[in-house]
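Just below is one structure, and these are the notes that go with it.
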Amino acid sequence: MKNITYLKKNAGFDDELHNLRANKKTLSALPADIQDHINTVFVQLKEREINPSGRFDNGGRWYADNGELLACRAPSRAYPYSEMTACRTRNYVLRCAVKFNTKTLKQLQDAV
């Protein structure tokens, strides 16, 4: 069941995100200034200086606004912050940078 949820959740990837995965491009394949932005935002998320965009439901579960970029379990009463945890990873910041084609640090901070 988890694989089906993963496929449904990630079916909306842009062609650029698909190419990123298909070509096995990594952070090192991006320009140096974009790499610096990604690393900066990642550290800010980890240190709780900024927070990923999302919302809480009545059950206390947190859902990410960019949930289609995540490959994690859906929030539940037992794991209400599963998507928030996934939003604090370098991979998520990389996907946001590619999907929203961010050029500046401020654009990337707003995208996550």
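Each reported figure results from applying straightforward, stated rules to the coordinates on display, with no laboratory input. Quick caveat: nothing in here was measured; it's all calculated off a predicted structure. Heads up, the Cβs are rebuilt from the backbone with ideal geometry, glycines too, and the neighbour counts pull from every protein chain shown.
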- Task: State the number of residues belonging to region 60-100 that are within 21 Å of Thr40 (Cα to Cα), touching a residue at least 12 places away in the same chain (Cβ under 8 Å) and part of a loop (DSSP other than H, G, I, E, B).
- Result: 6
- Within region 72-105, work out how many residues are touching a strand residue (DSSP E or B) at 6+ places or on another chain (Cβ under 9 Å) and surrounded by fewer than 17 Cβ atoms within 10 Å (Cβ to Cβ). 3
- Message: Let me spell it out: the conditions are (1) within 12 Å of the chain's Cα centre (by Cα); (2) over 13 Å from Leu45 (Cα atoms); (3) among the hydroxyl-bearing types (Ser, Thr, Tyr), and Thr104 meets all of them except one. Which number is the exception?
- Response: (1)
